[in-house]
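Student: The structure that follows is given in the form of structure tokens.
The values are calculated or read from the model by the stated rules, or taken from the named source; none is laboratory data. These numbers were taken from a predicted model, which means no experiment stands behind them. Note that each Cβ is placed from the backbone with ideal geometry, even for glycine, and that neighbours are counted across all protein chains shown. Just so you know, the surface numbers come from the protein's heavy atoms only, side chains and all, with ligands and any DNA or RNA stripped out. Shrake-Rupley method; radii C 1.70, N 1.55, O 1.52, S 1.80 Å.
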2 protein chains.
Amino acid sequence: MAYSWMNSKSPFAKARTVPVDSVTLKDDFWRPRLEDLRSVTLPSQLTKLEETGHLHNFRRAAGLEGGSFEGLVFNDSDVYKWVEATALSSAYWGDKEMFRLIGPVASLIESAQDEDGYINTYFTLDKKQDRWRNLRDNHELYCAGHLIQAAIAYHRAANRLGNPEEGGRLLGVALRLADHVVKTFGHNPGQTEGVPGHPEIEMALVELYRETGKPEYLRQAEYFIDARGKGLIGGSPYHLDHIPLREMNEITGHAVRALYLLSGAADVFMETGDAALLAALERLWEDLQRKTYVTGGVGSRHEGESIGEEYELPNARAYAETCAAVANVMFNHRMFLITGDSKYVDAAELALYNAALAGISLDGTHYFYVNPLADSGKTRRQEWFECACCPTNIIRLLSYLPSLLYATSDGKIWVSMYAKSEATVTVSGVEAEMGKADVRIIQDTDYPWDGRVKLRVKLASPTAFELRLRVPAWAGKAEIIWPGGKAVALPGNFFSIRRTWRDDAVSIRMPIRVRLLTAHRRVAEDTCRVAIARGPLIYCVETAGNHFDPRDLAVPGRQPFHQIKQRISGKMITSVVGGGFLLESPANTYAELGKATKAVKTRVKFEAVPYYAWGNREPGPMAVWLLRSKYFP
Amino acid sequence: MAYSWMNSKSPFAKARTVPVDSVTLKDDFWRPRLEDLRSVTLPSQLTKLEETGHLHNFRRAAGLEGGSFEGLVFNDSDVYKWVEATALSSAYWGDKEMFRLIGPVASLIESAQDEDGYINTYFTLDKKQDRWRNLRDNHELYCAGHLIQAAIAYHRAANRLGNPEEGGRLLGVALRLADHVVKTFGHNPGQTEGVPGHPEIEMALVELYRETGKPEYLRQAEYFIDARGKGLIGGSPYHLDHIPLREMNEITGHAVRALYLLSGAADVFMETGDAALLAALERLWEDLQRKTYVTGGVGSRHEGESIGEEYELPNARAYAETCAAVANVMFNHRMFLITGDSKYVDAAELALYNAALAGISLDGTHYFYVNPLADSGKTRRQEWFECACCPTNIIRLLSYLPSLLYATSDGKIWVSMYAKSEATVTVSGVEAEMGKADVRIIQDTDYPWDGRVKLRVKLASPTAFELRLRVPAWAGKAEIIWPGGKAVALPGNFFSIRRTWRDDAVSIRMPIRVRLLTAHRRVAEDTCRVAIARGPLIYCVETAGNHFDPRDLAVPGRQPFHQIKQRISGKMITSVVGGGFLLESPANTYAELGKATKAVKTRVKFEAVPYYAWGNREPGPMAVWLLRSKYFP
């Protein structure tokens, strides 16, 4: 197991991620998505990167062909993100052929680097004099961060696939760039003070520190966190530059920028243990919960792709950019690693299964950039976007996915998410050879459709460690049975089983049933409405499969729901079928109370599908939040 | 009565406006606003126009001083709008001193005109080569329209005040500009095809046709209507250029642009009687009703200051630009003149008393650009804006205001709005000398606070004509008593009294009571909420005067409300006092139905004030739509 990822040595993390290739998915939910990623999505994105000039920009910057820069200033980052995801995927599948796809792209990147380590084709091509001149808007440090992450992933995948030399090539580019950044930015003489307008490099530098052990990269990430709030990029709340991060009480501004910044700060904390930083992250997380959609989406305003005020969560006008949902998973996953608190996994799981997964079509070929929670039918999945950040972010998330299932810490294995799979998790701090043991864990489950999980543990020799099983907050009390024990575990916790394990089985039964959710009264659009949830999934009602406009559907608060398994676009889903009323009322926008003609109610059966699956059939209106029929007598 | 306004001869109008100076307001509602306009607002705006470079731009363009253009590309229009409003105001007050304030500004405008008639200081100063190059974005025709309207108003005011020569000066500038526009744009050889990105000139050209009788101006206005929808400015629905106006079924795009276009088209119809145009206006009006706030505001999106989908009417994120409310009055007033249908006066009155009037502070010194229907307290009135279109539009509306009270047509006088006032209205088509008679109408009322109106009619000699009294749609059945007659009139109509009038009295009793309004179920944010209305006024609840956050207030659907007269910022208002509950509930954004802790309810008394008066006391949260307590048991 040569491939490792993220915080494997971080001193201030309570839990550590496992490598993507330590888990083999066997399920019908994620495995087909990862197969599509490998066979359809990643190859088609490479074609798009070629067609839209992304790769030509590198060739032009390297002098390999003529022409000027094409596309948006941050287009290089799309290439890096594709490299990162493809590297992770090839490591996951152990697929050398897939890995070799990256080689020519890595060469292009290599050839476009300037002698001083700087690399950004937009500036190298036409605007050398403008390098680092506008950190707020020009995304140079953002692109640099994605290059560094791509290089690390490529390096790790190369090691995993027995080709360390090839991996060193792109890592060399990243190190030269990182050294250039370290030299350029800071408060020492000869340096420029500055912070990125779009955070990203903070995560990358911490990871580069983890990869190389060189403390200057960690210090540089810390610098970028600490220099924020001094007005270096204009001092606006939009850019989270109005006050120092440690003093912030409110998460503001551009949703993706904000969540990337918090993710980077979380990475810094894992290495430094700065209590003031963690306190700020916890405060901002609390605030974030008042600004997060029921789907885990973040970003309430189209204006500036930004976060709104607390409880400002419009449905049809939600922005909820796919990138922000991906970032919400990233941030919450890090907060879980820091604290071991299952509430962060709940939040990560919610964003993963709903807001983020909605960002890619069921067949892996089309994308949502904006993810509304109600729609007139005008929002459609696209093959690509001029700003392609979302397609190239969802592939990163999917390629990380296997590593989200487990975490480890001294003497502990954390089962954070459930999926039919086989994994080998190394638990350290145990009485065994080298102080660690490889534990084979076989999950048998139909999660997320069913809450029963059978977990088989296999070890070379009996070993004492603590198995921590997550009971999601959405679950009822979970019944857990292990050799010689049985308990009812409360939801919203990790349930611990400390014992000496041998080849044993554990069964977990999390009651999954249809739940109706209500929103805080301050969420103006959700007053007197309910949303359907089942397990970690949020449901929606589409005209597709229903033949009516779901915005006119009113549902009773209590009723026996049925579940039906069906395929949409080749993927198996469980839909929820219930009864309700279709409202038809006069078209007057306003009426006097008591004088309004009552709505005509027609009894209907309705089908709800998981939110992530919407927009995969014929276009039409969609709604997550449904009117409650008792308010429309 | 030398001063006349608008459609006095329009062949396809059922009703015609009366001159502003034919009405003398005597009331406590409008008269103080017009006094403030004269003594505070107009002088202070002139100072602002000087301080912000608006007038310097004219001096610079005329070569009277150095320097380059200052401010936004359409800044000239603010000067023209000030001229128009000041001219109308001086005509209303018969104030020659006020009129003389305009002279130097008129001279500046005159001196900045190019030899070929073109005038726009932005282009004349630095960018002569870019004249008429980007009609979509550069607002040249918009500015031209405002200059023409200003010149007409100045000309009419000058005539009224016995100084026709002075008025001819600016009208000359307008005619040279209009001739230049007529020469430049069209489909004849040597002309350029084009339409304005921001409509406005259509209204101006029709008015110039009315003023001069020259048909080329009307034809040019028709051209600008007819050439739309051919993609001349990009073909977007945002610019209402996607299809011809006569084919449109939906009102889309920038709210002010849209409503100005419809107003201009309405003006064209009044002169041409083109049935397809009127049919389109009626369809678009119907659609507009689904996109209009309960305050009469229009514009649901901050993005592009634009109209949203039908029933998309968010409260806190309403844009509802003051200019759009002004334009809503303009459009509806024109539709009333065309059709004689009181529903258009209802809509105009709603926008006038609520969305538009909110745009200026009670003391006439501060402005709202955006008019939300709920607020956290962050929206504050400003002294001025970089884009000053709203302050300079509300002064136009207020200066027009007296003319909105009455309209005439052959043998008819229409009383469209009520206010304590004295007017002399000339009714034509009657058996009298010259076929017309001056009718003195004295309104005694405390409208809009009270629905009782006593109307005295005085004539030099008995004359037969029809008096049409508007019974607003919001009123209950109105009791109307006239000499020898008595009737109960249904709301939403003009009630006709045909008789031979002498010195007679008519009394109208429109029941004004507190009404609770509900919204169509598709208006997502208003579900299970009510808005308080009384007469033509929509109310809101502010923290000011209440000491709680009105967004937490829930009110019963039935209760005895009290009314209290009080002063805010020197202006008398009638507030509505009622009882309700303050909700306090757990901060969780989402909860499971049935598992949520019920809200703690504290009984409170609340004070609601007219929406137009909000934001004039200490800043704090505000809400128009209040939760209904029955849904929070």
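Student: State the number of residues belonging to the range A:248-267 that are hydrophobic (A, V, I, L, M, F, W, C) and surrounded by fewer than 24 Cβ atoms within 10 Å (Cβ to Cβ).
Tutor: So the first thing to find is which residues in the range A:248-267 are hydrophobic (A, V, I, L, M, F, W, C), and the list is A:248, A:251, A:255-256, A:258-259, A:261-262, A:265-266.
Keeping just the survivors that are surrounded by fewer than 24 Cβ atoms within 10 Å (Cβ to Cβ) gives A:248.
Qualifying residue count, the range A:248-267: 1.
Student: Further question: So A:GLN191 fits all but one of (1) farther than 21 Å from A:MET270 by Cβ; (2) in contact (Cβ under 8 Å) with a residue 12 or more places away in the chain; what number is the exception?
Tutor: (2)
Student: Residues A:LYS605, A:LYS630: which one is among the charged types (D, E, K, R), at pLDDT 95 or above and surrounded by fewer than 19 Cβ atoms within 10 Å (Cβ to Cβ)? First the steps, then the outcome.
Tutor: On the way: A:LYS630 fails: at pLDDT 95 or above.
Criteria check complete, one pass: A:LYS605.
Student: So which of A:PHE69, A:PHE58 ends up being touching an Asp or Glu at 6+ places or on another chain (Cβ under 7 Å) and not assigned by TED's automatic domain parsing to the domain that holds A:THR424?
Tutor: So the residue among A:PHE69, A:PHE58 that is touching an Asp or Glu at 6+ places or on another chain (Cβ under 7 Å) and not assigned by TED's automatic domain parsing to the domain that holds A:THR424 is A:PHE69.
Student: Have a look at B:LEU135, B:LEU141, B:LEU177 and point out the one that is over 23 Å from B:CYS387 (Cα atoms) and either touching a residue at least 40 places away in the same chain (Cβ under 8 Å) or hydrophobic (A, V, I, L, M, F, W, C) (or both). Write out each step before concluding.
Tutor: Values: B:LEU135 fails: over 23 Å from B:CYS387 (Cα atoms); B:LEU141 fails: over 23 Å from B:CYS387 (Cα atoms).
The unique qualifying residue is B:LEU177.
Student: Also, I was wondering about something else. Of the residues A:ARG456, A:ARG452, A:ARG396, A:ARG440, only one is assigned by TED's automatic domain parsing to the domain that holds A:VAL20 and modelled with pLDDT of 95 or more; which?
Tutor: On the way: A:ARG456 fails: assigned by TED's automatic domain parsing to the domain that holds A:VAL20; A:ARG452 fails: assigned by TED's automatic domain parsing to the domain that holds A:VAL20; A:ARG440 fails: assigned by TED's automatic domain parsing to the domain that holds A:VAL20.
When all the criteria are applied, what remains is A:ARG396.
Student: In addition: Name the one entry in B:LEU350, B:LEU373 that is more than 22 Å from B:ARG33 (Cα to Cα) and within 11 Å of chain A (Cβ to nearest Cβ). Let's see the steps before the verdict.
Tutor: Details: B:LEU350 fails: more than 22 Å from B:ARG33 (Cα to Cα).
Going through B:LEU350, B:LEU373 in turn, the sole match is B:LEU373.
Student: Filter the range B:248-269 for residues that are over 26 Å from B:ALA15 (Cα atoms), part of a helix (DSSP H, G or I) and out of contact with any Ser or Thr (no Cβ under 7 Å at 6 or more places or on another chain) and give the result.
Tutor: Of everything in the range B:248-269, nothing turns out to be over 26 Å from B:ALA15 (Cα atoms), part of a helix (DSSP H, G or I) and out of contact with any Ser or Thr (no Cβ under 7 Å at 6 or more places or on another chain).
Student: Inspect all residues belonging to the range A:353-366 and state whether any of them is within 23 Å of B:GLU309 (Cβ to Cβ) and of a type in the set (Ser, Thr, Tyr).
Tutor: no
Student: For the range A:99-120, how many residues meet the condition of being surrounded by 24 or more Cβ atoms within 10 Å (Cβ to Cβ) and touching a His at 6+ places or on another chain (Cβ under 9 Å)?
Tutor: 2
Student: Sort through A:ALA533, A:ALA554, A:ALA519 and tell me the only one that's touching a residue at least 24 places away in the same chain (Cβ under 8 Å) and in contact with a Ser or Thr (Cβ under 6 Å, 6 or more places away or on another chain). Even if it seems obvious, please write down each step before you answer.
Tutor: Details: A:ALA533 fails: in contact with a Ser or Thr (Cβ under 6 Å, 6 or more places away or on another chain); A:ALA519 fails: in contact with a Ser or Thr (Cβ under 6 Å, 6 or more places away or on another chain).
Going through A:ALA533, A:ALA554, A:ALA519 in turn, the sole match is A:ALA554.
Student: Sticking with this structure for a sec: Test of understanding: among B:SER409, B:SER361, which residue is open to solvent by 10 Å² or more (accessible area, probe 1.4 Å) and closer than 30 Å to B:ALA91 by Cβ? Break it down stepwise before answering.
Tutor: Details: B:SER361 fails: open to solvent by 10 Å² or more (accessible area, probe 1.4 Å).
It is B:SER409.
Student: For residues in the range B:320-377 being aliphatic (A, V, I, L, M) and assigned to a strand (DSSP E or B), which is nearest to B:HIS146 (Cα to Cα)? First the steps, then the outcome.
Tutor: Taking the range B:320-377 as the starting set, the residues that turn out to be aliphatic (A, V, I, L, M) are B:320, B:324-327, B:329-330, B:335, B:337-338, B:345, B:347-348, B:350-352, B:355-358, B:360, B:362, B:370, B:373-374.
Filter once more, so that each one left must be assigned to a strand (DSSP E or B): B:360, B:374.
Details: B:ILE360: 21, B:ALA374: 33 Å.
It comes out as B:ILE360.
Student: Tell me, which residue of the range B:35-65 that is over 14 Å from B:GLY364 (Cβ atoms) and touching a Leu at 6+ places or on another chain (Cβ under 6 Å) is surrounded by the most Cβ atoms within 10 Å (Cβ to Cβ)?
Tutor: First, the residues of the range B:35-65 that are over 14 Å from B:GLY364 (Cβ atoms): B:49-65.
Checking which are touching a Leu at 6+ places or on another chain (Cβ under 6 Å) leaves us with B:49, B:55, B:58, B:60-61.
Details: B:LEU49: 24, B:LEU55: 22, B:PHE58: 27, B:ARG60: 21, B:ALA61: 25.
Residue satisfying both the conditions and the ranking: B:PHE58.
Student: Please specify each residue of the range B:66-82 satisfying the condition of being acidic (Asp, Glu) and crowded, with 18+ Cβ neighbours inside 10 Å. Quick ask: steps written out before the conclusion?
Tutor: Within the range B:66-82, the first condition is being acidic (Asp, Glu), and the residues that meet it are B:70, B:76, B:78.
B:ASP76, B:ASP78, listed by residue number.
Student: Here's another thing I want to ask about it. Quick check on my filter: what residues within the range B:531-568 are more than 24 Å from B:LEU352 (Cβ to Cβ) and within 10 Å of chain A (Cβ to nearest Cβ)?
Tutor: Answer for the range B:531-568, where residues must be more than 24 Å from B:LEU352 (Cβ to Cβ) and within 10 Å of chain A (Cβ to nearest Cβ): B:ASP549, B:ARG551, B:ASP552, B:ALA554, B:GLY557, B:ARG558.
Student: I've got another one for you. Return the residues of the range A:295-343 that are of a type in the set (D, E, K, R) and within 13 Å of chain B (Cβ to nearest Cβ); say none if nothing qualifies. Lay out the reasoning, then the answer.
Tutor: Of all residues in the range A:295-343, those of a type in the set (D, E, K, R) come to A:301, A:303, A:305, A:309-310, A:312, A:317, A:321, A:334, A:341, A:343.
Once the filter is applied, which keeps residues that are of a type in the set (D, E, K, R) and within 13 Å of chain B (Cβ to nearest Cβ), the range A:295-343 yields A:ARG301, A:GLU303, A:GLU305, A:GLU309, A:GLU310, A:GLU312, A:ARG317, A:LYS343.
Student: Which fully enclosed strands (runs of 3 or more DSSP E) of the range A:576-633 have 1 or more residues being within 12 Å of chain B (Cβ to nearest Cβ), touching an Asp or Glu at 6+ places or on another chain (Cβ under 8 Å) and under 16 Å from B:ASP526 (Cα atoms)? Before the answer, list the steps.
Tutor: Values: elements: A:590-592, A:600-610, A:625-628.
In the range A:576-633, A:625-628 are the strands (runs of 3 or more DSSP E) which contain 1 or more residues that are within 12 Å of chain B (Cβ to nearest Cβ), touching an Asp or Glu at 6+ places or on another chain (Cβ under 8 Å) and under 16 Å from B:ASP526 (Cα atoms).
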